[in-house]
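Read the structure below first, then the notes.
Throughout, read-outs are computed from the coordinates displayed, never taken from laboratory work. Remember, predicted model here, so these are calculated numbers, not experimental data. Cβ: placed from backbone, ideal geometry, glycine included. Neighbour counts: every protein chain shown.
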């Protein structure tokens, strides 16, 4: 009986591992999606050079060098980078299982924690892409597991292993590795209090030495220490200015839902993990608090300095905590209700996988929208060879996928004048008021939550000199769809449209809300226009507009009531000012 009892959790662990490897292997990234994937692959081809942005500061040298090693064995550079990401994607859940075992959870509960983490929608989506997030999560978790075990057993060999793994993590993603230092300091202090200086010095030398070796290729490839240091400083300044969140941002509910709801997908799944996390804190307070303390530095070093758009991808290194707390709660439940705990744990894993599968499979089985769009621009006889007007975020895709093409980028205000020969290529936003000739998109709505919500669709539009690229801005509390012009505006909202070079005839349908009358006022470079509607009444607002000196085509203000707008239509108008 004892032998069977010990074999069962091991069999469970082996089965979970096989399932995880198969799921990751069948959903590996097939092509470029994000621009930083292109940067990593360029570094695999040419080596790290931060001066050329390969990949970008601080370089992630162990990720790049691991992929370069696979490329030397004959793998294509993209596939080599994907395989390193894949290794992280299958090792990170095992690292969480090892960490939970170090916290003295039973093997079954530890495996469950790893499985819960592995199939969370954002983790599954990003676990097979050519990025450093998953490998960094794996080394962080294994390092933490070794250090926690060293603390419990006072084993100098485990302390050295934890230091070595932390150094590997530093070479993969330094901002993740820095978060392990508080735990390392606690373990070192425990050893020093007991007079064990040698294991601490050995671990320190091992960690510093391996870290220096890891960054030698990045420093050498970037032209030496001074250029490397300057690029890292420039990247840090960029993060502070562009990605860091303000205090007001951190006080907004949207910030925390982006980090702690969206990576789970549906609200129900996030709520389930949240309830189990609170249950762990209530019924296993000391272990739950220790887990929170372990991850708190990682949260503090990640969330305030990362853009909300990227949150689900960067959350790959943060999501082990809710999975660990859920496993801890289910382990306590198992002690009093074994079958319900097992069913709930299996149900959560199954629900996560079922929710994630359609989106993950779509991304793995179809070309990404940028890749599909540039393939069409290369091969479609109606599109090939024509000059391009590009959304700025597609510039790197164009360099990689359509080198030599005549192209210019849309300016910071995302407006432009165009010629009739040019094609406008826009990502994540159709050309306002114009229908694309080709459109490429991922269809799963879940991807808006669990991905970076970028490059989900790419539109190609014929250039029209009379329209160019129009851009709308909404000031107010209403809801506006930039793609179609459909909107629900409330009293006081102001819609501003900019970016055209000549006179334009504009029409838009409007419906007043059921609550009250509505009145719209349109201000152009010529006469103003008004539209008054009774409750529920439909009407059409038609006017001719001509841009002013600042490029503003017109301003539409809801002077009274609430109104729903149908599609805007823009037609170049003959003549001069209206």
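Here the range 57-97 is scanned for amide nitrogen atoms under 15 Å from the site 7 Å beyond the Cα of residue 399 along Cα-to-Cβ, giving 57. Put simply, when 558-568, 134-144 are sorted by average Cβ atoms within 10 angstrom per residue, most first, you get 134-144, 558-568. Within the chain, the ratio Rg/Rh, alpha carbon atoms throughout and Rh by Kirkwood, equals 1.04.
Note on residue 75/residue 235: beta-carbon distance plugged into 1/(1 + (r/R0)^6) with R0 of 41 Å gives a FRET efficiency of 0.90.
Every helix of 4 or more DSSP H residues in the chain counts as -39500 (n - 2.57), and over all residues that averages to -17000 deg cm²/dmol at 222 nm. Principal-axis analysis of the Cα atoms of the chain puts helix 77-102 at an angle of about 50° to the longest axis. With a simple spin-label model that places each label point 7 Å from the Cα along the Cα-to-Cβ direction, the separation between residue 153 and residue 293 comes to 2.2 nm. Most tightly packed first, judged by the mean number of other beta-carbon atoms within 10 Å of their residues, the peptides 96-109, 247-260 read 96-109, 247-260. Per the Cα gyration tensor, the range 369-462 maps to an equivalent ellipsoid with semi-axes of 21, 15, 13 Å, ordered largest to smallest. Taking the empirical scaling 2.2 N^0.38 Å for compact globular proteins as reference, the range 1-88 has a Cα radius of gyration ratio of 1.49. Report, to the nearest 10°, how far helix 156-172 tilts away from the longest principal axis of the Cα atoms in the chain, using its own Cα long axis and a range of 0 to 90°. Once rounded, the angle reads 20 degrees.
The range 53-94 to the range 430-502: how many Å between their Cα centroids? The distance from the Cα centre of the range 53-94 to that of the range 430-502 comes to 36 Å.
By the Kirkwood approach, averaging reciprocal distances over each pair of separate Cα atoms, the range 471-572 gets a hydrodynamic radius of 13.4 Å. Each of 431, 460, 219 was scored by other Cβ atoms within 10 Å of its Cβ. Listed from fewest to most, they are 219, 460, 431.
Ranked by the mean number of other Cβ atoms within 10 Å per residue, highest first, peptides 190-196, 274-280 order as 274-280, 190-196.
Using a Förster radius of 22 Å, what is the FRET efficiency between residue 181 and residue 205 based on their Cβ-Cβ separation? Nearest 0.05, please.
Efficiency at R0 = 22 Å is approximately 0.90.
Please work out the FRET efficiency for the pair residue 242 and residue 448, using the Cβ-Cβ distance as r and a Förster radius of 25 Å; give the result to the nearest 0.05. Here the calculated transfer efficiency is 0.70. Relative to the longest principal axis of the Cα atoms of the chain, the long axis of helix 267-283 lies at roughly 30 degrees. Multiplying the residue separation of residue 15 and residue 283 by 0.36 nm and subtracting their alpha-carbon distance yields 93.5 nm. Per-residue Cβ neighbour counts within 10 Å put 419, 496 in the sequence 419, 496, beginning with the fewest. Judged by the gyration tensor of its Cα atoms, with axes a ≥ b ≥ c, the range 175-248 is oblate; a/c meets the 1.5 cut and b/c is at least as large as a/b. Taking the alpha-carbon centroid of each part, what is the distance from the range 242-293 to the range 529-556 in angstrom? Here the two parts' Cα centres lie 44 Å apart.
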